[in-house]
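Values in this text are rule-based calculations from the coordinates and carry no lab data. If you're wondering where the values come from, they're calculated on a predicted model, not measured in any experiment. Neighbour counts run over all protein chains shown; Cβ positions are idealised from the backbone, glycine included.
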Amino acid sequence: MNPFYENLAHFIHGAAFMFFILASIQLYPLRHRSNMMRLLFCSMIFLAFLEFKDMGFLIKGVWYNPYITSITMSTDMLYVPLMALFFFEVISPGWVTLRRIIGMSMPSVLFIVAYIIYPSSVIFKAAMLYALVFGTIITVIVFMASSRRDNYIKNNFSDIENLSISWVRKAITALYICLVLWTILLWEENWLSDAAYYAISIIVWTYIYRLSQKHSVIEMPSTSGLFMPKPEQKGSHEIQNFPFKKLQEYMENERMFLNPKLTLTEVATAIGTNRTYLSEYLNNDLDTTFYEYVNGFRIKEACALLSSDERRTLMEIAELSGFNSLSTFNRAFVKSIGETPARYLKKRQIKC
């Protein structure tokens, strides 16, 4: 193997260690903000420890001792339940408890203890296979649970910029790739793959670190479980009595959509119904979510402002239309109209 790749791997390994140390220091004052931030802080410390322990391989003879090497690599397995616990807490705030931390970590710990007592290649291979299978199952669960939670958020809030956890699915995918790379490295020494593993880890955890700081933790129903409960189905006679005309009037005349923080509960209270009926009406009768329904009025308002003769910045138009940020306005506008607000405005100016 080219010595350049070996040096590169060592360099990025050291960079990963320093990254986790610095992240731990920065997260220390934020750890009391929420259980999620506390878990992220603990994760950074543990990941720094995992990187630090590998420095023991620099001691003469350690790298060529299969017993010590296998124990060290087995310790890395604890990375998988740690990853799972963090994402489960993001999906369902309050889900992580001491009992669940012990329960999810215990199999990995038992594998390590078993190998220390009885150093067998069978135990080591079984431990590695368990980590990969467990990681695969966790990835599937995170995808399903986070998707359902995002649906709940879209059905109840009009401002989801810092509430949505779509970033969780991107992060878990990248970390799963890291897990696969790590498994490959156990069976075949490859410095280039080693460098790629640490580089991806730094990038992914930087992404997680930034999004976690922006994320707003909200209380969700049934927080004891990872999966959001499915909405109750109401009888057709109850839906027929839904005041849909009143809903349209309130949105158009009272212009409730101009409130960036508008929620499903507020609208339901205003029109004299409950949030379950309103949510089901939007989902089943209008085939939309509360988030998309409200944004429809905001986009209509934005188009009117863009077509007016008054000169306004896009940020001003976004705020006057009920959007809480320019980025959210841009995404919603492109999804609805098919082009950016800037391009839409430019075309209107050319026509004039």
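Here are the numbers for the structure shown:
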{"quantity": "Spacing of the two label points (7 Å from each Cα toward its C-beta) at Thr276 and Lys300, in nm", "calculated": "3.0 nm"}
{"quantity": "DSSP-loop chymotrypsin sites (Phe, Trp or Tyr not before Pro) across region 5-67, with at most 13 other Cβ within 10 angstrom", "calculated": "Trp63, Tyr64"}
{"quantity": "Contour minus Cα-Cα distance for Asn151 and Arg99 (0.36 nm per residue)", "calculated": "15.8 nm"}
{"quantity": "Residue-by-residue Karplus 3J(HN,Hα) for region 321-338, coefficients 6.51, -1.76, 1.60, Hz, glycine and proline x", "calculated": "8, x, 8, 8, 7, 5, 5, 5, 4, 4, 4, 5, 5, 4, 5, 8, 9, x"}
{"quantity": "Cβ crowding within 10 Å averaged over residues, with 104-117, 288-301, 153-166 ranked highest first", "calculated": "288-301, 153-166, 104-117"}
{"quantity": "Read-out P(r) over Cα pairs in 10 Å bins from 0, in percent, derived from the coordinates shown; its label in (1) 5, 20, 24, 20, 15, 10, 5, 1, 0; (2) 5, 25, 33, 24, 11, 2, 0; (3) 5, 19, 20, 18, 16, 11, 7, 4, 1, 0", "calculated": "(1)"}
{"quantity": "Additional length obtainable on full extension of the chain from Leu286 to Thr75, 0.36 nm per residue less Cα span", "calculated": "70.8 nm"}
{"quantity": "For the chain, size of Cβ-based charge dipole, Lys and Arg +1, Asp and Glu -1, in debye", "calculated": "360 debye"}
{"quantity": "Point-to-point label distance, His10-Ser121, nm (Cα→Cβ direction, 7 Å offset)", "calculated": "2.9 nm"}
{"quantity": "Nearest-0.05 FRET efficiency for Lys347 and Met144, computed from C-beta distance (R0 45 Å)", "calculated": "0.60"}
{"quantity": "Ordering of 72-83, 302-313 by packing [mean C-beta count within 10 Å, highest first]", "calculated": "72-83, 302-313"}
{"quantity": "Shape category assigned to region 1-148 from the gyration tensor of Cα positions, a/c cut at 1.5", "calculated": "oblate"}
{"quantity": "Inter-site label distance for Arg331 and Ser193 at 7 Å from Cα along Cβ, in nm", "calculated": "3.5 nm"}
{"quantity": "Amide H partners (placed H, <5 Å) of Phe157, local residues excluded", "calculated": "Leu264, Tyr291"}
{"quantity": "The chain: calculated mean residue ellipticity at 222 nm from DSSP helix runs of at least 4, using -39500 (n - 2.57)", "calculated": "-23000 deg cm²/dmol"}
{"quantity": "The chain, relative contact order [Cα under 8 Å, separation at least 6], %", "calculated": "17 percent"}
{"quantity": "Modelled FRET efficiency - R0 25 Å, Ser216 with Val133, Cβ distances, 0.05 increments", "calculated": "0.15"}
{"quantity": "Chain lengthening between Thr340 and Tyr67 when straightened (0.36 nm per residue, less Cα-Cα)", "calculated": "92.3 nm"}
